[in-house]
1. Is any residue of the stretch 458-473 close enough, with backbone N under 19 Å, to a label point placed 7 angstrom from the Cα of GLU528 along the Cα-Cβ axis, and if so, which?
2. Starting from the Cα gyration tensor of the stretch 210-340, take the square roots of the eigenvalues, sort them a ≥ b ≥ c, and report rounded, prolate or oblate (rounded when a/c is under 1.5, otherwise prolate if a/b is larger than b/c, else oblate).
3. Rounded, prolate or oblate: which fits the stretch 119-161 when a ≥ b ≥ c are the square roots of the eigenvalues of the alpha-carbon gyration tensor, with rounded for a/c under 1.5 and prolate only if a/b beats b/c?
4. Highest first, please rank the peptides 169-179, 252-262, 404-414, 123-133 by the mean number of other Cβ atoms sitting within 10 Å of their residues.
5. In percent, how large is the relative contact order of the stretch 430-553, given Cα pairs closer than 8 Å and 6 or more residues apart?
6. Just to confirm my numbers, what's the Cα centroid distance between the stretch 160-200 and the stretch 254-315 in Å?
7. Taking the dipole about the Cα centre of the chain, with the C-beta of Lys and Arg at +1 and of Asp and Glu at -1, give me whichever of PHE190, LEU310, GLY237 is farthest to the positive side.
8. Can you give me the distance in nm between label points at SER32 and LYS78, each placed 7 Å from the Cα along the Cα-to-Cβ direction?
Amino acid sequence: MKKLFLILVLLAGMNLVGAQKADYNIVPLPKSITTDSTQTFTLRPGMGIAYDSDNAEVSRTANFLRQWVEEATGIKLKLMAEDVEAAIRLGVKGPAVRKGRKAVKAAPLTEQQMEGYTVEVNATGIDIRALNPIGLFRAAQTLRKALPVGKHQSVSFPFTRISDQPRFVYRGVLLDCARHFYTVDFIKQFLDVMALHGCNQFHWHFTEDQGWRFEVKALPRLAVEGSVREKTVIGPGNMRIYDNVPYGGYYTQEDCREIVRYAAERYINVVPEIDMPGHMMGALHVFPNLGCTGGPYPVAPHWGVMRDVLCGGNPETLDFLKTAFGELCDVFPSKFIHIGGDECPKDRWRKCPKCQAKIKELGLKEENGRSPEDQLQTYLNHEIEQFLASRGRSLIGWDEILAGGLTENAIVMSWRGTKGGIAAAKQNHRVIMSPNVYAYIDHPQLKDYSKQPQTTGGYQVSCSKIYSFEPLVPDALTEEEQDCILGVQANLWTEHIAFPEHAFYQLLPRLAAMCEVQWCSPEQKDFEDFKKRLPRLEKLYDNLGVQHCRQVE
Ligand code: ACM
Ligand code: ZN
């Protein structure tokens, strides 16, 4: 008897017997959770997930849910037709509203409502409802994160009603695949981790001084030659000590379409960036005629801001850009296209006869603190904005695009703090906040540098720092101006991050902190509470085999 008791205690310790409890206190925290812990529904192997199998999106999410439950707990569920009684029921209900006997058209859904969902757990099982399949996917992620990770015979779900929707429509993460190349398989894993955190915009930075990594079929030499640097600088600063090992890699258009497809299945849009007119040494290496001096230009073997940029006065520059952006639009359906615009020194433009002739032709004069050269950059942006508009797209640019004056519909991504975003919102332009002091997760996350791999910069962007960010900056913006803020983005630059393990270490758990900034309302946010909810998510990271920093400060 004693022996049996001991075995049971041991098995319970190994999570092999008894019902383990689900916990809805997940990351990001849902908007509203009402739980009655005195009553539970028990999920067991062989139970079913019922869904509308005629709806391909709903079917996909049902499959994801089945897979996630098994991955996290070992419990195998069955997929069933919608009208069969099942433990978990997925349903999409349109927004039609009835008044009297007449059906009236409901107001169009906001993007946040489209992602909203409810989860109800009662004696009959788990009901997941949404107005759109996106909401079902978000709800399935919520259930996944509520699961206790381990091998279990059953999981008991306290009765609950969860109602949720995100705060911001744009919840992004940038991955720099230009300073270091990341494989398609890694990017898929990265997208899975983004989806786990409710993120919906993958900003793909893949053209740079250190390598052009997007295939342009009309310019076959561009990616083949422009993606390879002869060597890479070693160490934390730019000490000009090199490894002397050629480094390359680029994405074919087929790779890109595969990423777009994979992301879309996880309700993530891919925002591609061609960074122009600076950060162009990869392209200039192949087409030196596009630079003001004529080159030659090496693909940059070290980091920093390069003086050589595309010539703003050479008509071939616009031809080149339209060819590249044209193919970008063919491959990426995103309504947002990022044109970079950051860190473009004007030294060459000030001395270049072609740039100066163009400035003269356009009649650009120093005014309102705007140099003619900054306005020449705005001219290029304007041309590209028109081109993108003809393809039904809007441009996003880093906050430097404010310097020469914003083009009509430009969206500003504010990285040098929030001031660029504030200035743009005051001009009634849409804004994405990505300030370096809160959102640059290539920087150290711990005070003690000896405890983490060497990376960029001196100041720390800790979890608590990220968590404290308020993107609407209410001290600076009126309520109307705050409406311009589409959302928030974390940026993973990779000058010093060459390997997948390191990339995930930089990302996690800081993305957990960032996703509460993106998803939760300010009243819900509480860092101490966040820290209590984090361990369950970290178990999921371990279960998925992704690296993460195990200290939170
Ligand atoms: C940037 O960090 N240069 C956008
Ligand atoms: Zn020039």
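1. 463-469
2. It comes out oblate by the Cα gyration axes.
3. oblate
4. Descending mean neighbour count gives 169-179, 404-414, 123-133, 252-262.
5. Relative CO of the stretch 430-553 lands at 32 percent.
6. Cα centroid of the stretch 160-200 versus Cα centroid of the stretch 254-315: 23 Å apart.
7. Comparing the listed Cα positions along the dipole, PHE190 ranks first.
8. For the pair SER32/LYS78, the computed spacing is 3.6 nm.
The values are calculated or read from the model by the stated rules, or taken from the named source; none is laboratory data. Here the structure is a predicted model, which is why all the values come from computation and not from measurement. So basically every Cβ, Gly included, is an ideal-geometry build from the backbone, and we count neighbours across all protein chains shown. Note: areas computed on protein heavy atoms with side chains; ligands, DNA, RNA excluded. Shrake-Rupley method; radii C 1.70, N 1.55, O 1.52, S 1.80 Å.
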